[in-house]
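What follows is a set of notes on a single structure, which appears directly below.
The values are calculated or read from the model by the stated rules, or taken from the named source; none is laboratory data. Just so it is clear, the model here is predicted, and its values are computed rather than measured. Cβ placement follows ideal geometry from the backbone for every residue including glycine, while neighbour counts extend to all protein chains displayed.
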Amino acid sequence: MDDLALQNELEALAGNAFNPNLPEDGTPPEPISTTISRWNKLFKIPGDDAIDLIMEHRNNLTRTRISDEHWEAVRTGKESQGYDREAYEYELDLQKRKANIGSIVPVDDETESRVTYLVELSGPLDSLEVMQRAAGLQQAPPMVDGWSVEDGRSVQMCIVSNKEKRAILQWAAEQGGGFEPTILVNPKSMQ
């Protein structure tokens, strides 16, 4: 990384750490409940997931911020659609992730055909019916119950192939409002 690139990166980090979400006109910041409602409406994200994504977005010091000039150029149109600056920046990040989905999703491989995956039923993928549609299946995938090692809660997961996993990831990128499903390799398929 050359000196100019390093300086630009450090300036971006400092700008994001400064808390750019505070209004400049002296008005009090918007209540989190209003932000959650906005993200729920725009990105179809349930309340609890919206809180997590909002905080993740706000705490991401490496996120790309739009310039004041950019925001002023699109502000009227975006606000009429329900966006504020923060939600618009999140939408731009989502579009970048969608553009990169091809590099994230692996290509089918003959040796991987026997491997299956466990996808947690949560967020916008909270039912077998939605999972079936997202995976492009004729019938609902098999489901298993388990426990989260991280927080000890019970979880329900469905079993899918690599092709179905890729379809689910594609669906989440396009229709899941930034939701990233929990996907694990099914250890039983590795035996």
Query raised in the report: Of the residues that sit in the stretch 47-90 and are among the charged types (D, E, K, R) and under 15 Å from residue 34 (Cβ atoms), which one is modelled with the lowest pLDDT?
Result: 58
Report task. Inspect the stretch 161-173 for any residue being in a helix (DSSP H, G or I) and more than 23 Å from residue 45 (Cα to Cα) and give the result as yes or no. Result -> yes
Query raised in the report: So which residues in the stretch 96-120 are at pLDDT below 85 and over 16 Å from residue 170 (Cα atoms), if there are any at all?
Result: 109, 110, 111, 112, 113, 114, 115
Report summary line: Among residues of the stretch 121-148 being outside any loop (DSSP other than H, G, I, E, B) and of a type in the set (D, E, K, R), the residue modelled with the lowest pLDDT is 145
Query raised in the report: Consider residue 136 against the criteria (1) touching a residue at least 40 places away in the same chain (Cβ under 8 Å); (2) touching a helix residue (DSSP H, G or I) at 6+ places or on another chain (Cβ under 7 Å): it satisfies all of them except one. Which criterion is unmet?
Result: (1)
Report task. Examine the stretch 155-173 for a residue that is modelled with pLDDT under 80, crowded, with 18+ Cβ neighbours inside 10 Å and not charged (D, E, K, R), and state whether such a residue exists. Result -> no
**Report entry** residue 93 at pLDDT 80 or above, at negative phi and either not assigned by TED's automatic domain parsing to the domain that holds residue 177 or not in a loop (DSSP other than H, G, I, E, B) (or both)
**Finding:** no
